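The values are calculated or read from the model by the stated rules, or taken from the named source; none is laboratory data. Bear in mind the structure is a predicted one, so any value in this text is a computation, not a measurement. Methodologically, a virtual Cβ is constructed for each residue, glycine included, from the backbone with ideal geometry; neighbour enumeration extends over all protein chains shown.
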Amino acid sequence: MKTSKNFINGKWVHGKKKKYYYIKNFNGEKVSKYPDSDKIDLDNAIKSTALVFEKNSFFKSKNQRLKVLNEIYFKLKKNIKSIINAEVSETGKIYENASKEIHSGIELWKSAIQVLKKTNFRKKTNIKKQILISALEPIGLVGLIIPWNYPFIVSCERLPFIIAAGCPVILKPSEYASASVSMIIKIISKTSAPKQLISLVHGKGKKIGKLLVSDNKINMISFTGSTNVAKDIIKNSSSSIKKLSLELGGKNPMILTSDANLEKSLKYITENFLENAGQACIAGSILFIESKIYNKTKKRLINKLKKIRSFQKPITKLHNQNIKNFISSSIKKGAKIVYGDKKSLKSNKAVEPFILEGVNRNEKLFLEEIFGTVLILKSFKSFKNILNELNKNKYGLAVYLYSKNKTKIKYFEENVRFGRVWVNCSLKSWHTNLTIGGFRNSGYGSETSSEGLKNYLVNKSIISMKS
């Protein structure tokens with residue numbers, strides 16, 4: 001079992017109170033040990049990281065930041081296998097899936113390098129006797145809170161762009177999966193970056209997370225996680241005015257029209273709802289099927305699942321039981337099992353995929369993010385009516401459409417109110433030059449791409465008389 005430390009003031013240190021917590025796998029085995037940090041640890045991290053921002057030229061030098069980002073990118077590539085193993089050990093991911101994630105995450109550093117090269121931080125305009133300057137400057141000290149479902153890739157969607165913007169970081173990883181995040185910090189610590197550029201503080205979200213978002217020395221919080229936790233962050237951060245960037249939950253619909261290529265569509269739909277054991281904020285969770293192909297689609301989908309021999313387990317037994325409770329509650333209210341073993345709901349085994357129909361639109365399973373491989377089937381007749389219904393969903397993170405009809409596709413793309421939209425492909429299709437964001441209760445702020453860099457910058461306008 002591996003024992004990890006905090007990274008504060010350029011050094012790997014234990015928590016001051018020498019308290020620890022353990023990360024366990026699905027079987028309850030201890031796989032990692034981390035400092036259960038306290039306020040004194042966080043205060044030390046904030047103090048040292050804030051101080052380097054005031055004194056080090058790195059934060060004003062685009063060339064220095066480009067050099068460091070390149071160093072990190074190549075060192076990450078050299079350590080791919082170790083990072084994959086770290087991710088698998090705590091999350092329980094299938095190795096092949098984790099490998100694809102790690103490779104994709106590393107390419108985000110390359111994307112940040114390209115964005116930074118193209119960014120002009122200071123534009124001058126001459127007007128008569130005055131010089132007008134539009135400047136982009138780092139927002140300051142960023143508190144970065146990382147979730148357990150994609151610790152590496154979510155870190156890579158943010159960290160390189162925060163560094164590119166010239167901001168120092170206090171990073172708080174999840175207490176359920178931190179190993180791959182620690183590896184990123186170890187790699188950064190071996191580059192020419194200022195040693196206090198990033199502080200890594202382990203600990204429980206309810207304690208360290210709360211202290212981090214409420215600290216008035218923190219200029220911005222970037223959080224990825226549930227909508228309910230985000231509401232607490234908004235409240236706790238209100239004592240000091242700071243910027244928030246929030247990527248939150250989703251109840252992500254998939255629409256299948258009668259003119260779609262059914263075989264290809266079912267392949268993508270299956271990928272969408274099984275991704276990372278359903279523990280993905282963008283995973284598909286409700287499939288709206290045009291009524292004339294409903295029965296045919298249902299049969300084909302069941303046959304497709306029967307051919308899959310193994311499924312990834314939920315991250316913990318507690319989460320596993322939560323998923324089962326959602327399913328059981330819905331069945332009691334009249335939902336019908338289309339696919340899945342009802343007896344398994346009362347066992348200690350990992351929950352495998354369930355497909356349900358007859359789920360009421362006003363119950364929790366239909367309305368809330370479950371974070372498991374549970375798919376609800378619904379039929380529809382009017383394409384425009386179902387789109388209007390989706391836009392009234394309290395979430396607006398991800399949505400999927402499967403259709404050959406160009407008129408429908410164009411109407412959908414122009415009118416759907418979701419941040420991430422896939423048409424005739426799966427969530428496995430994504431590109432580093434695209435921006436991540438959501439509508440409504442799925443958060444606000446932009447991550448990755450040029451918008452991700454701008455997210456961590458502030459505008460300064462200067463008017464200067466010519467001498």
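Key figures for this structure:
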{"read-out": "Every residue from the range 245-255 that is assigned to a strand (DSSP E or B) and in contact with a helix residue (DSSP H, G or I) (Cβ under 7 Å, 6 or more places away or on another chain)", "value": "246, 253, 254, 255"}
{"read-out": "Number of positions in the range 261-279 that are buried (at least 20 other Cβ atoms within 10 Å of the Cβ) and outside any helix (DSSP H, G or I)", "value": "1"}
{"read-out": "Which numbered condition residue 104 misses (of (1) among the polar types (S, T, N, Q); (2) surrounded by 15 or more Cβ atoms within 10 Å (Cβ to Cβ); (3) part of a loop (DSSP other than H, G, I, E, B))", "value": "(3)"}
{"read-out": "Among residues of the range 139-157, those that are of a type outside the set (A, V, I, L, M, F, W, C), more than 21 Å from residue 204 (Cβ to Cβ) and buried (at least 23 other Cβ atoms within 10 Å of the Cβ), counted", "value": "1"}
{"read-out": "Unique residue being in a loop (DSSP other than H, G, I, E, B), in the same structural domain as residue 7 (by TED's automatic domain parsing) and among the hydroxyl-bearing types (Ser, Thr, Tyr) when the list is 239, 258, 199", "value": "239"}
{"read-out": "The listed residue being within 14 Å of residue 104 (Cβ to Cβ), surrounded by 20 or more Cβ atoms within 10 Å (Cβ to Cβ) and touching a residue at least 12 places away in the same chain (Cβ under 8 Å), out of 432, 448", "value": "448"}
{"read-out": "The range 184-212 - residue that is within 28 Å of residue 61 (Cα to Cα) and of a type in the set (Val, Ile, Thr) and, of those, surrounded by the fewest Cβ atoms within 10 Å (Cβ to Cβ)", "value": "191"}
{"read-out": "Qualifying residue in the range 432-442 (condition: within 17 Å of residue 397 (Cβ to Cβ), touching a Leu at 6+ places or on another chain (Cβ under 8 Å), at pLDDT below 95 and assigned to a strand (DSSP E or B))", "value": "yes"}
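Every residue, every condition in (1) free of Cβ contacts under 8 Å to residues at least 24 places away in the same chain; (2) in contact with an Asp or Glu (Cβ under 8 Å, 6 or more places away or on another chain), yes or no:
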site	(1), (2)
285	no, yes
288	no, no
309	yes, no
324	no, no
339	no, no
345	yes, no
